[in-house]
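Input: a single structure, listed below in structure tokens.
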Amino acid sequence: MPLLRFLLLILLGAATAAAQSPPVAAVVPKVDTLHGNVLTDNYFWLRRRENPEVIAYLQAENAYTDTMMAATRDLQERIYQEMLGRIKQTDLSVPVRRGPYFYYTRTVEGKQYPIYARKRGSLEAPEEIYLDQNVLAEGKTYLRLGVTTVSPDHRFLAFTVDTTGSEHFTLLVKDLSTGEVLPDRIPDVHFSLTWAADNKTLFYTKTDSAHRSDKVVRHIVGTQTASDSVIFHEPNVLFNVGVSRTKDDEYVMIAAESFTSSEYWFVPARTPLLPFKVIERRRPDIEYSVIHHKGRFFITTNDGATNFKVVTAPASDPSATNWRDYIAHSDTILIDGLDAFSDHLVIYERSGGLRKIRIRDLRINADHYVSFPEPVYTYSTAGNPEFDTNLLRFTYQSLITPASVFDYDMDTRALDLKKRTEVLGGYDPTLYGTERTWARASDGKMVPVSLVYRKPFVRDGMRPMLLYSYGSYGSSTEPTFSSNNLSLIDRGVVYALAHIRGGQEMGRAWYDEGKMLNKRNTFTDFIAAAEHLVRERYTSSDRLAIRGGSAGGLLMGAVVNMRPDLFKVVVADVPFVDVINTMLDASIPLTAQEWEQWGNPAIREHYEYMRTYSPYDNVEAKAYPMMLVTTGLNDPRVAFWEPAKWVAKLRAMKTDDNLLLLKTNMGAGHGGSSGRYDALREMAFRYAFILKGLRMD
């Protein structure tokens with residue numbers, strides 16, 4: 001492969017000169033055929049991370065990005081200081097009671113990571129620091145905690161760490177009575193980890209070569225890890241496995257789940273060496289999830305219920321023959337989850353684009369809803385680890401209300417605000433407005449759009465806007481508060497969220513209509529939202545910036561191919577843009593199981609449909625907006641070569657002179673930098689790019 005001009009300049013010590021011009025990737029065609037079509041991938045060579053020329057290319061792109069953004073360095077610093085100035089750097093989370101202890105995290109000014117601590121008996125008791133992530137991160141450029149879980153007797157802490165961003169975690173066990181980290185060190189574990197009730201048995205998950213969680217392994221603390229037993233193996237590449245303990249500590253549960261089917265197994269937590277029993281064998285297109293309550297399972301399932309229903313079954317024999325309807329299916333209300341307490345069942349719901357909480361008093365079988373004060377809001381569920389309590393904890397927020405932790409008395413219906421995140425610098429929510437508008441999609445469906453802006457706001461088309469969305473996996477785009485966004489909003493930018501199909505804002509059908517052979521709805525919904533905002537004069541196309549990440553980066557790539565004239569600036573973070581090539585390669589993490597999200601291009605119908613929207617395959621010789629594309633060298637979810645190839649192809653084909661930048665974090669993965677200050681600097685860079693593109697720098 002011939003070295004490129006800019007690579008030669010770098011090797012000759014002329015990196016500064018090379019950085020003045022956009023890097024141009026070498027063209028080394030890889031030709032293949034699929035369904036009789038000739039497929040040519042001119043940039044396939046960028047997949048070869050071990051090739052020094054690939055690393056040199058990424059470094060050259062970074063050098064070019066730094067050069068092109070040099071004029072915004074002062075703006076980046078101002079934005080960073082603004083963001084930092086709104087954060088209470090030394091802060092404390094609301095303590096959570098677990099048995100005799102109150103657990104919490106706290107941050108200290110100047111330190112990148114949280115400190116994990118607890119107090120025994122009362123909040124006035126002496127503090128015990130049981131894990132300091134800053135100490136773990138010493139000498140490392142990246143440190144992410146995966147799972148932290150304390151044994152039922154509160155003596156041992158099991159936790160997982162990733163030091164590269166690759167999501168290959170190492171499991172460690174710490175004796176909290178002595179502070180000693182035990183020899184039990186297990187590499188390459190995944191995201192699931194739980195204790196049995198005997199305080200010595202751990203269950204964790206391992207992955208296969210494609211980084212699919214396929215095994216549940218049992219470990220006895222203090223024994224050699226070589227003697228660990230694989231107690232569950234899932235050979236089906238469409239399924240992932242996870243392990244957990246029920247809230248009442250009665251059972252350890254194994255979940256084997258694909259995107260369309262589920263299977264749960266259980267064993268008494270007090271006898272973890274016994275074999276697991278299945279609740280109900282998997283069936284095609286039938287999903288279910290399970291919680292336990294006083295000898296019976298509450299099972300949420302889509303069996304004959306698009307928006308899910310709830311059934312019950314005795315723990316002695318929970319097979320489907322014993323399922324009894326408990327909460328009926330609704331055409332308008334999605335059951336989004338359950339939580340069980342001794343006397344109450346909490347039903348998390350979605351309807352009309354909003355989240356709701358229904359409380360059922362199990363003693364009298366009566367329901368009521370939690371009341372929320374704003375027309376556009378969201379909440380996030382808390383751990384709520386205590387079973388014998390009438391208090392439900394959740395975090396409420398809106399686009400103008402900072403995250404607010406509440407304890408809700410399920411008997412008296414009283415809300416107790418435990419903490420509202422402080423926004424330093426005199427934040428006044430009355431200076432801001434929020435609203436919801438509705439855009440008509442191409443097929444007539446009404447798409448909700450949430451907005452927040454600095455008042456007064458006049459719809460004259462003159463306000464710049466940042467429109468964000470995700471729209472995949474049933475993950476809804478929530479109207480959450482971000483003090484970081486104030487650096488845009490206070491400069492006059494309207495921040496908007498498009499609740500497009502692919503999420504579940506409007507129910508399960510909203511998700512189903514945004515995946516597989518309906519995936520284009522996600523993109524046309526976003527375009528419809530943008531067109532609506534322009535038509536209704538919330539903004540104009542020459543003042544409209546858009547942003548999305550991962551599958552939301554796919555969204556960015558698709559809509560700029562379809563309607564590049566509609567947008568001024570695009571930020572695509574870790575974008576999944578090489579859809580066909582990635583979905584053809586089952587060795588790539590996530591590929592096989594995601595055949596149930598995007599389709600399998602080995603199937604002609606799926607391939608032909610993907611070919612209509614795959615961003616990499618639909619780049620054309622035309623004008624594109626100003627674009628920033630980010631990636632991480634160690635990203636296991638969207639490999640760095642996808643955005644790198646996309647940018648290379650865009651450079652070769654686009655007909656405009658608009659700025660196109662690729663920024664690669666050479667020491668991180670899918671989520672970017674792990675430290676909170678480093679992450680703020682990355683966000684300041686993005687916002688400076690947006691303001692530059694909107695000519696507000």
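Where a number appears in this text, it was derived from the coordinates with a stated rule and is not lab data. Values in this document were obtained by computation on a predicted structure and should not be read as measured data. Neighbour counts are summed over all protein chains in view; Cβ atoms, including those assigned to glycine, are modelled from backbone coordinates with ideal geometry.
Would the stretch 245-367 count as rounded, prolate or oblate if I go by the C-alpha gyration tensor, calling it rounded below 1.5 in a/c and otherwise prolate when a/b exceeds b/c, oblate otherwise? Oblate, because a/c is 1.5 or more while a/b does not exceed b/c. Classified by the C-alpha gyration tensor, the stretch 140-278 has an oblate form. Its axis ratio a/c, with a ≥ b ≥ c, is 1.5 or above, and a/b does not exceed b/c.
Within the shell defined by Cβ-Cβ distances under 9 Å, the residues around Leu424 carry a net charge of +1, with Lys and Arg each +1 and Asp and Glu each -1.
Taking a Cβ cut-off of under 15 Å around Thr412, the surrounding Lys, Arg, Asp and Glu residues balance to a net charge of -4, with basic ones at +1 and acidic ones at -1. A straight line joining the Cα centroids of the stretch 651-697 and the stretch 146-219 runs 35 Å. The string of couplings for the stretch 337-353 from the Karplus curve (6.51, -1.76, 1.60, θ = phi - 60°) is x, 10, 9, 10, 10, 3, 10, 9, 10, 9, 10, 8, 10, 10, 7, x, x Hz, one whole number per residue in order, with x for Gly and Pro.
Maximal additional length on extending the Ala71-Asn518 stretch stands at 156.6 nm, based on 0.36 nm per residue less the C-alpha distance.
Is the shape of the stretch 330-415 rounded, prolate or oblate, going by the alpha carbon gyration tensor and its root eigenvalues a ≥ b ≥ c, with a/c under 1.5 for rounded and a/b larger than b/c for prolate? Because a/c hits 1.5 or more and a/b fails to exceed b/c, the stretch 330-415 counts as oblate. A simple spin-label model places the labels of Arg491 and Val108 3.4 nm from each other, with each point 7 Å out along Cα-to-Cβ. Close amide H partners of Asn307, meaning residues 5 or more places away or on another chain with modelled amide H under 5 Å apart, are Ser330.
Simple spin-label model, 7 Å along Cα-to-Cβ: Tyr427 to Asp188 in nm? Once both label points are built, they end up 4.4 nm from each other. In whole Å, what is the distance between the alpha-carbon centres of the stretch 269-305 and the stretch 22-82? Answer, in whole Å: 46.
Of the peptides 668-680, 92-104, the ranking by mean beta-carbon count within 10 Å, highest at the top, reads 668-680, 92-104.
Secondary-structure-derived ellipticity at 222 nm for the chain, considering helices only, amounts to -5500 deg cm²/dmol, per-run term -39500 (n - 2.57) for DSSP H runs with n ≥ 4. Simple point charges give the picture: +1 on the Cβ of Lys and Arg, -1 on the Cβ of Asp and Glu, and for the stretch 81-152 a dipole about the Cα centre of about 260 debye.
Counting other Cβ atoms within 10 Å as a rough exposure proxy, the listed residues Glu374, Glu180, Glu234 run Glu180, Glu374, Glu234 from fewest neighbours to most. A full extension of the chain between Leu123 and Asp656 corresponds to an added length of 185.8 nm, given 0.36 nm per residue minus the alpha carbon distance.
Under 5 Å between amide hydrogens, built in the peptide plane, is the criterion, and for Tyr101 it picks out Gly121 among residues at least 5 positions away or on other chains.
The angle separating the long axis of helix 520-535 from the principal Cα axis of greatest extent in the chain is about 70 degrees. Note on Ser351 and Thr33: the model spin-label points, each 7 Å out from Cα along the C-beta direction, lie 5.6 nm apart. Under 5 Å from the amide H of Lys418 lie the amide H atoms of Val405, Phe406, Asp407, each residue being 5 or more positions distant or on a separate chain, with H modelled from the backbone and absent for Pro and chain starts. Could you give log10 I(q)/I(0) at q = 0.12, 0.13, 0.18, 0.20 Å⁻¹ for the stretch 359-488, computed by the Debye formula over C-alpha point scatterers of equal weight, without solvent? Rounded to two decimals, the profile gives -0.63, -0.72, -1.14, -1.27. Cβ crowding within 10 Å ranks Glu605, Glu124, Glu478 as Glu124, Glu605, Glu478, fewest other Cβ atoms first.
For the pair Asp409 and Ser227, the difference between a 0.36 nm per residue extended length and the Cα-Cα distance amounts to 60.8 nm. 3J(HN,Hα) along the stretch 433-447, derived from phi through the Karplus expression 6.51 cos²θ - 1.76 cosθ + 1.60 where θ = phi - 60°, amounts to x, 9, 7, 10, 10, 10, 9, 8, 6, 4, 9, x, 5, 9, 9 Hz, with x in place of Gly and Pro. Computed from backbone phi with θ = phi - 60° and the Karplus coefficients 6.51, -1.76 and 1.60, the 3J(HN,Hα) list for the stretch 153-168 is 8, 6, 8, 10, 10, 9, 8, 10, 10, 10, 10, 10, x, 7, 6, 9 Hz; x is used for glycine and proline.
Computing FRET efficiency as 1/(1 + (r/R0)^6) for Asp542 and Lys622, where r is the C-beta to C-beta distance and R0 is 25 Å, gives about 0.90.
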